[in-house]
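Readers should treat all values here as calculations from the given coordinates under stated rules, not as data from a laboratory. In this text the structure is predicted, and so the values were computed from the model without any measurement. Because the Cβ atoms are built from the backbone with ideal geometry, glycine has one as well, and the counts that use them run over all protein chains shown.
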Ligand SMILES: CC(C)(COP(=O)(O)OP(=O)(O)OC[C@H]1O[C@@H](n2cnc3c(N)ncnc32)[C@H](O)[C@@H]1OP(=O)(O)O)[C@@H](O)C(=O)NCCC(=O)NCCS
């Protein structure tokens, strides 16, 4: 299930975010976490089964639109449909919104053919 990020999850969140191609630099990663902690428009959620194994970060834009900025799953748990479940849960949570994606996330969404409710 999706749970909202809180500070106690900082290390696991940074570990998961570091798998994103644009979050390899530690300074960049720390700024990213800070953005999610301080900016109300930025929301971070963790995917928890027994452990936390995935993460999704979104930015709430104008006009009921959401940009998915981060989506990542622990390598030991990939190809089990977890990222797909994370995206489907976010769509349910923000069901009146349209979705936009960064280029790398768009490629995943298109590959899995799950991009309903998008612009
Ligand atoms: C991308 C990612 C989140 C997918 O997580 P996952 O839980 O394994 O995804 P699912 O099990 O729901 O889907 C797996 C499918 O996505 C495909 N896929 C994985 N990464 C992809 C990408 N960057 N672009 C397109 N397709 C991708 C897999 O090949 C697989 O396809 P198949 O079912 O046809 O074999 C995971 O690989 C990851 O964390 N990557 C590093 C972070 C990253 O690059 N994020 C940006 C892209 S979302």
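Numbers for the structure displayed
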| item | result |
| --- | --- |
| Ascending count of other beta-carbon atoms within 10 Å, so fewest first, for 60, 33 | 60, 33 |
| Neighbour-count order for 32, 84, 8, fewest beta carbons within 10 angstrom listed first | 8, 84, 32 |
| Pairwise label distance in nanometres, residue 95 with residue 107, each label 7 Å out on the Cα-Cβ vector | 3.3 |
| Virtual spin-label span in nm between residue 64 and residue 1, 7 Å along Cα→Cβ | 2.7 |
| Segment residue 35-residue 51, length gained on full extension (0.36 nm per residue, minus Cα span) | 3.3 nm |
